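Only one structure is covered here, and it is reproduced in the block below.
Read-outs throughout are calculated quantities, based only on the coordinates presented, and are distinct from any laboratory measurement. Just so it is clear, the structure is predicted and the values come from calculations on it, not from any experiment. Methodologically, a virtual Cβ is constructed for each residue, glycine included, from the backbone with ideal geometry; neighbour enumeration extends over all protein chains shown.
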Amino acid sequence: MSRQRVQRVGEEIKKEVSEIIRLELKDPALEKLTSITGADVSRDLSYARVYVSIYASRDEQGKILKVLEKASGFIRSELGKRIRLRHTPVLLFCLDRSMEYGAHIEGVLKSLDPLNKEGDEREQSGDK
């Protein structure tokens with residue numbers, strides 16, 4: 001299967017799973033800020049790893065992932081109705097920590113910024 005087709009199917013799965021979660025699932029745990037950030041599909045289209053970004057505490061993130069895993073059969077069946085594939089891929093939900101990691105890096109950079117300003121001031125005054 002061509003890499004372009006696998007990528008197109010992944011993008012379509014990402015879009016449709018996001019819609020299904022937003023419109024079809026009625027679980028209160030999913031009212032937190034959740035978004036589908038990506039979907040990696042195997043070359044044979046039998047598995048899809050769906051990345052979910054969840055803006056909540058670690059405990060709540062785990063609970064939401066469990067809700068999604070329980071609902072994966074329903075989501076898969078709805079996906080099969082919306083996407084015309086011979087076999088609907090098995091969905092594996094994974095937590096996407098890229099936003100969390102980016103916020104951490106930004107915090108580290110901000111914490112280093114005052115240190116750099118103090119170092120520049122000392123160099124300019126000759127207090128090396």
Exercise for the section: Let me have the 222 nm mean residue ellipticity of the chain computed from DSSP H runs of 4+ only, each contributing -39500 (n - 2.57), with the sum over all residues rounded to the nearest 500. Expected result: -19500 deg cm²/dmol
Fill in the blank from the handout: Spelling it out for residue 37: with amide H atoms placed in the peptide plane at 1.01 Å from N, the residues 5 or more places away or on another chain with amide H under 5 Å from its amide H are 51, 52, 53
Completion exercise
Projecting the Cα atoms of 54, 73, 38 onto the charge dipole of segment 1-116, where Lys and Arg contribute +1 and Asp and Glu -1 at Cβ, the residue farthest towards the positive end is 73
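Anything over 31 Å Cα to Cα? Flag those among 26/110; 66/110; 26/81; 32/110, in the order listed.
Working: 26/110 40 Å; 66/110 35 Å; 26/81 19 Å; 32/110 28 Å.
From 26/110; 66/110; 26/81; 32/110, over 31 Å: 26/110; 66/110.
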Practice task
For residue 101 paired with residue 5, estimate the spin-label separation in nm (one decimal), with each label point 7 Å from Cα along the Cα-to-Cβ line.
Solution key: 3.1 nm
Exercise for the section: Could you please tell me the mean projected area of the C-alpha convex hull for segment 1-92, averaged over all directions and given in square nanometres to one decimal? Expected result: 5.5 nm²
Problem - Debye, to nearest 20: dipole size of segment 3-96, +1 on Lys, Arg Cβ, -1 on Asp, Glu Cβ - result: 380 debye
Fill in the blank from the handout: Counting only backbone N atoms under 16 Å from a point 7 Å out along Cα-to-Cβ of residue 44, the residues of segment 61-103 in range are 86-91
